[in-house]
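Step one of this worksheet: look at the structure below.
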Amino acid sequence: MLDLKNLAGRLFKFVFGWYLLLAVLVTGVQLGLEYSSIRTTISSDLVALGRSFAPGVADAMWTYDKPLLASLAKGIAQTAIITGVKIENNRGEIVATEGRIPLANEQASNTSLAPFQMHEVPLWSVSLAENHARRTLGRMVLYSDRSVVLDRIKYSFLVILINSLVKTTGLWLIFYWAITRRLSRPLTQLSNSISSLELKSDETDLVLLDYPHRDEIGMLVAALNDMRIRLLASHRELEQNTLFQRAILSSAAYGIISATPEGVITGFNPAAERLLGYAAEEVVGKQTPAIWHDSHEVEQYALRLSSELGEKILPGFDVFTARPKRDLPEEKEWTFIRKDGIRVPVSLSVTALRDESGRTTGFVGLIYDLTERKQAEEEIRQLNQVLEQRVVDRTAQLVAANKEQAELIAKLAQAHLQLLQAEKMASIGQLAAGVAHEINNPVAFVFSNLGTLQHYVGDLLRLQGMCELAECSLPEHMREDIGRLKNEIDLAFLREDIVTLLTESTEGLLRVKRIVQDLKDFAHVDESELQSVNLEQGLDSTINVAWSEIKNKAEVRREYAGIPEIECFPSQLNQVFLNLLLNASQAIDANGHILVRTGQDEDNVWIEIADDGIGIQPEHMGRIFEPFFTTKPIGKGIGLGLSLSYGIVQKHGGRIEVNSSPGKGASFRVILPKRLPRDEESPTNSPG
């Protein structure tokens, strides 16, 4: 039998395969033509059958004999090529059917792949006279299914198939004999002759191959003889190079390992033996041992290479050769494990060996022992750690000193701000006291003169009343003059209005005195020490002072709980209340409400100022007490009010609690102890 794996077999398979494909194509074309011819024949037969059956069906339709029409349809359907008959009247109504009639959704087609063929025959009436025109009685439709074509083509298919098989078998036998006789046997003999020859570098006389014919195989034998001569020369040169390379490998200080593309070790020099503890005989010709390497290192590097190269790199030999295969440099530090189990740090550089066509033929790895270098690096690293620790310690000391200095600077800045505020309040207080004193003097004598004037007016009104009683005793012309004068000055209105004017003037003066007193109470210019005061009175004074800023924006509602007096610096707390009231007023656009409440518990009193303004944004809540932080437009504030207020309340041993929702307002609660702690009572903490 012919072996399909040798040259003759592959040649036979190639030629026979193409011939078989061509035979199948020709057979297919023949079957297609036969199929088309049969359809054309059936179409012609349908036309002929329609003409022959039309007169009888038209007569039956003329008499409208339904049993006869059904009988005719049944008889027509028994014809070999007809699979269905349909008879309709001229209104499109079906009168008789027989066999398989296509469904309404099936469409007729003239293509070769149509599921059925049909022929439509019109039915005409018989002319009774020459001048009488025929009319359409209906139509008859004949159907022929595709199965009729397939039944007829079966025989043709068998004939074509048998013919093709006979031709193919005969051609195969002829081709088999030709290939076996003229190609396979000579090539097999040539192969056996070549296999029996040996190439030796010390061989002086070559035994050349002999072939008697001068055909293509004879030319091949001559070429092989010439190639053998040249190969012998190359072999001798290669042996010289091999001896030279072995001398280099033996004397090299680096470990040198060579391997095939599959990872089989082909070279292992003495330096590699000393480094890894294996003899060359133990590893050459074997797969690269996995026990040489740290498995964890190999797995981690495989993951890194997979990410870098964009393809899966499995742990093993591929880890060391993946980059050289792609002409990328590969030099990396590894931990190798010697035969005795000692772990050795090494530097491994791998290079791919390629032939003239660029195909990878192997790999060479250079291994350098890094033990001494690692020891030196470890000593340097330890020295660096000692130096770094010293730097860290010194840096920490400097950072602590800088932090302490920054805190002192912040405290000084805060104290400076408070001192400026205290000086500002003292100046304002002195100014307010001076203004109040200057106002009090004229107000006092005006108020005194007004009281005297009220007394004088009362006396005059009593006198005028007595005069009216005496008018009746006066002469007539005098009474008329007095009456005219009364009418001119509207005496009745004058008597009533003058009392009202004096009362209103007195109330206005009292209001001026109250404003002056509130201004003095707010400033407390004469109060620089701790005092026991009523904070609710201070709130009232502060509200009166700030009333010009509040009255056009909000309604102030007071809910006092009658808290007890506490020890404090009243002018400073009044400043806190003023800042909170002004902030509440500025947070309201118009028609708002400000609630001022007080309360107490066992140890503390609290003052709460709440508004229904715009509220505080959540991101600003942590910064509202920072100096110079403000959300107000430029010129509306510098951000010191709440910061100073926070410092004042802390100085009094208290705290400020804030609650706010954006768009719903804010609430500030100042909580103060009923008695200041001891350190707050010391003179050093008193305001400047």
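Read the figures in this text as sums done on the coordinates, not as results from a lab. Every value quoted in this text rests on a predicted model; they were computed, and no experiment measured them.
Here are some notes:
- Relative contact order %, segment 243-322, counting alpha carbon pairs below 8 Å whose residues are six or more apart: 19
- Gyration tensor verdict on segment 239-308 (Cα atoms; rounded if a/c is under 1.5, prolate if a/b is larger than b/c, oblate otherwise): prolate
- Segment 583-607-segment 228-261 distance, computed between alpha-carbon centres (Å): 99
- Listed residue pairs exceeding 24 Å between alpha carbons, taken from Lys332/Lys374; Lys286/Lys325; Lys325/Lys374; Lys553/Lys664; Lys74/Lys154: Lys325/Lys374; Lys74/Lys154
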